[in-house]
Number of protein chains: 2
Amino acid sequence: MQHPKKTAKDETTRAPRWRRRAEARPAEIFDAALTVFSARGFQAARLEEVAKVAGISKGTLYLYFESKTALFEAMALELMRVPVLAGLDAVAQAPSAREALLGLMQTMGRMLGDPRRSALPKLIISESAGFPELARIWLQTVIQPVRARLVEFVERGIATGEFRAVDPWETAKLVMAPFLLTAIWMRTFEGLDDRPFDAAALIRQHTDMLLRGLAPAASGD
Amino acid sequence: MQHPKKTAKDETTRAPRWRRRAEARPAEIFDAALTVFSARGFQAARLEEVAKVAGISKGTLYLYFESKTALFEAMALELMRVPVLAGLDAVAQAPSAREALLGLMQTMGRMLGDPRRSALPKLIISESAGFPELARIWLQTVIQPVRARLVEFVERGIATGEFRAVDPWETAKLVMAPFLLTAIWMRTFEGLDDRPFDAAALIRQHTDMLLRGLAPAASGD
DNA sequence: TATTAATAACTGACTGGTCGGTTATTTATT
DNA sequence: AATAAATAACCGACCAGTCAGTTATTAATA
């Protein structure tokens, strides 16, 4: 049988079974992988399902990634690479320590609103046993830089008298804790609890409490 | 071929290969299961290894538990059953809201010191996708009661004028967040970070910040 | 432009190894 | 001797990873 008249580029539109889309694939696979790995966890995730969600066959996955492990790692690294910290330097330029701190918290709050990025912490934490290297990288590329900034802001605030003298390192952890709680809660208990989780309200309250906790004593310490 | 000279049962009590210990087994298996499941995650954990750690054979596991899933669930439930909340009512008897709050935080802090119990949160969170029922039970038996108490204490403090008027629900989450951070950190990043994690210092700082954040405005709001 | 050849992208049936779970057998206890 | 407890060899479902073949796309040729 001869080839059918595909030459009729005038709209015979015979949908091909698939298309070559070598450029678009990786991103789509990352998307699918995040979805499936998030929903099932790394081990329980089936590559067949990742492929299905990505709209390709399992074999095709292996044209782009060496192994299931490599796919997971590449995906996680890809999501980390994204400007998690892009705003950090800008925020640091704020005229006061207070504003810098608030700016950073706002940035983190926005990140929680992006389902893709807010999925990463729980995934890294959950799979840290099997991928210690990934935990290490997350620590180095995300946690430590953010923490360093927070420490810096707190120290600056103390120096300028905006804040009272607290331990900057412990305070940095306290600043981050509610964000972690939120990221985890949304992906673990949301829908099971009788009360909806209002991330915005939590962060508002967090900010309020934090600023009061940092305020210098009104008169004498 | 006949059996080799085992007939030499000169009965001088050489250790028998095993003993009947039907009563002690379950606890030992739980211990082993917690260790292995914590280290590897549910899916990656091998029953062979659980058995080895428990000092028995894989087959013996099945004398006590229906399946890998049943073992995991039974273990998690067993750890929840333990007096997580035993101190709750006692703490609630404290003369002031402030003391009740501090008492509860102290209890939670102590819990983090017990490696067995502090392992549970991360395990539940990590496996929540595969065991949504367990997440629900954890929510109901641990999180919600603790949260309810916290809300109650905060409301009481506001009523008595010990605390300023904050949102008790959001505040309850803020109280818990650093404990969650600690539980997760210790089992995820500890050893990778350049700074050791000082849980006690964090809780001290947390307490300090919290009380200041809750303090009524010195003069006018 | 039409046809053919060459290549890159993709598919899906297949396989080999890995455990969860079972069972025939051995060992301890009563 | 009878029974209960534990073992270890075994089985088979499941799935990551492979590969021989198929289809789309591009390049070369007429």
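Convex hull volume of the C-alpha atoms in chain A, normalised per residue: 184 Å³. In whole angstrom, segment B:93-221 maps to an equivalent ellipsoid with semi-axes of 28, 19, 12, each derived as √(5λ) from the alpha carbon gyration tensor and ordered largest first.
Give me the dipole magnitude in Debye, nearest 20, for the protein assembly as shown about the Cα centre, with unit charges on the beta carbon: positive for Lys and Arg, negative for Asp and Glu.
1980 debye
Between copies, the label points of A:Val142, set 7 Å from Cα on the Cα→Cβ line, lie 2.2 nm apart, reported in increasing order to one decimal in nanometres.
Considering only B:Met80, B:Met209, B:Met108, the mean-square fluctuation computed in a Gaussian network model of chain B, springs between alpha carbons under 10 angstrom, is largest for B:Met209.
In terms of its C-alpha gyration tensor, the protein assembly as shown comes out oblate, because a/c is 1.5 or above while a/b does not outweigh b/c.
If each DSSP helix of 4+ residues adds -39,500 (n - 2.57) and the sum is divided by the residues in chain B, what number results at 222 nm, nearest 500 deg cm²/dmol? Estimated from H runs of four or more residues: -20000 deg cm²/dmol. The mean number of partner chain beta-carbon atoms within 10 angstrom of a residue's beta-carbon across peptide A:134-140 is 3.
Helix B:68-81 and the longest principal axis of the C-alpha atoms of chain B enclose an angle of approximately 40°.
Taking the label point 7 Å along Cα→Cβ, A:Asp208 and its counterparts in the other copies are spaced 2.4 nm apart, in ascending order.
Taking segment A:145-172 and a reference point 7 angstrom along Cα→Cβ of B:Arg164, the backbone N atoms nearer than 18 Å belong to A:162-165. If you wrap the tightest convex hull around every Cα atom of segment B:91-166 and split its volume per residue, you get 97 Å³. Between segment B:177-221 and segment B:93-125, the C-alpha centres lie 13 angstrom from each other. Comment: the Cα-to-Cβ extended label point of B:Glu78, at 7 Å, lies 4.2 nm from its counterparts in the other copies, nearest first. In the frame of its principal axes, segment B:182-221 has Cα extents of 47, 15, 13 Å, reported largest first. In the elastic network of chain A, a GNM with C-alpha springs shorter than 10 Å, the most mobile of A:Ala15, A:Ala45, A:Ala199 is A:Ala15.
Remark: segment A:169-184, residue by residue, has Karplus-estimated 3J(HN,Hα) of 5, 5, 5, 4, 5, 5, 5, 6, 3, x, 6, 4, 3, 5, 4, 6 Hz, where x stands for each Gly or Pro and the curve is 6.51 cos²θ - 1.76 cosθ + 1.60 at θ = phi - 60°. What the pair-distance distribution of segment A:53-146 shows, using all Cα-Cα distances binned every 5 Å from zero, is 2, 11, 19, 19, 16, 13, 8, 5, 3, 2, 1 percent. For the residues of A:119-130, the average number of beta carbons from a partner chain within 10 Å of their own beta carbon is 4. Comparing A:Leu71, A:Leu150, A:Leu63 in a Gaussian network model of chain A (Cα springs below 10 Å), the most mobile by mean-square fluctuation is A:Leu63.
Coupling constants for segment B:40-49 follow from the phi torsions by the Karplus curve (6.51 cos²θ - 1.76 cosθ + 1.60, θ = phi - 60°), and in residue order they are 10, x, 4, 4, 6, 5, 9, 4, 4, 6 Hz; glycine and proline get x. Model label points for B:Asp208 and B:Val142, set 7 angstrom from Cα along the Cα-to-Cβ axis, are 2.9 nm apart.
Taking beta carbons within 10 Å but only from partner chains, what does the mean come to for residues A:197-209? Shielding by partners across A:197-209 averages 4.
The numbers here are math on the coordinates, done by the rules we state, and not lab data. Since this is a predicted model, take the numbers as computed values, not measurements. So basically every Cβ, Gly included, is an ideal-geometry build from the backbone, and we count neighbours across all protein chains shown.
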